[in-house]
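*Asks:* Can you keep this structure in mind? I'll have questions shortly.
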């Protein structure tokens, strides 16, 4: 438990340090974006859980776990925190902004 708390504190400090110094950073967890990180790129966890449920279903129907193939993620997410990008005066700010709707 203490190890997890220390990791969370370091993760938050790292996000804050990069944002305060206007350093662009890419994070491996979506959690970092909610703490002020600029970019997250990684597997879509909802899709991962859905695929895990398929494995459970196949096992419950009698397939041997050893016979199931190992699967790598197939869907990835790219999330850009526009609030952080604007605060950094990022050159991608205008390119990343949503198109105006009429």
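The values are calculated or read from the model by the stated rules, or taken from the named source; none is laboratory data. The structure presented is a predicted model; accordingly, all values stated were derived computationally and were not measured. With ideal geometry, Cβ positions are generated from the backbone for all residues, glycine too; neighbour counts draw on all protein chains shown.
*Asks:* So in region 18-30, with the set limited to residues that are assigned to a helix (DSSP H, G or I) and without any contact (Cβ under 8 Å) to a residue 24 or more places away in the chain, which one is surrounded by the fewest Cβ atoms within 10 Å (Cβ to Cβ)?
*Replies:* 20
*Asks:* Across region 31-53, what is the number of residues that are more than 14 Å from residue 82 (Cα to Cα) and not in a helix (DSSP H, G or I)?
*Replies:* 4
*Asks:* Working only within region 57-82, note down all residues that are surrounded by 10 or more Cβ atoms within 10 Å (Cβ to Cβ) and closer than 30 Å to residue 34 by Cα.
*Replies:* Hits for region 57-82 are 71, 73, 74, 75, 76, 77, 79, 80, 81, 82.
*Asks:* Same structure, new question: Considering only residues that are surrounded by 14 or more Cβ atoms within 10 Å (Cβ to Cβ) and either assigned to a loop (DSSP other than H, G, I, E, B) or on the phi > 0 side of the Ramachandran plot (or both), look in region 83-97 and name the one that is modelled with the lowest pLDDT.
*Replies:* Here the answer is 90.
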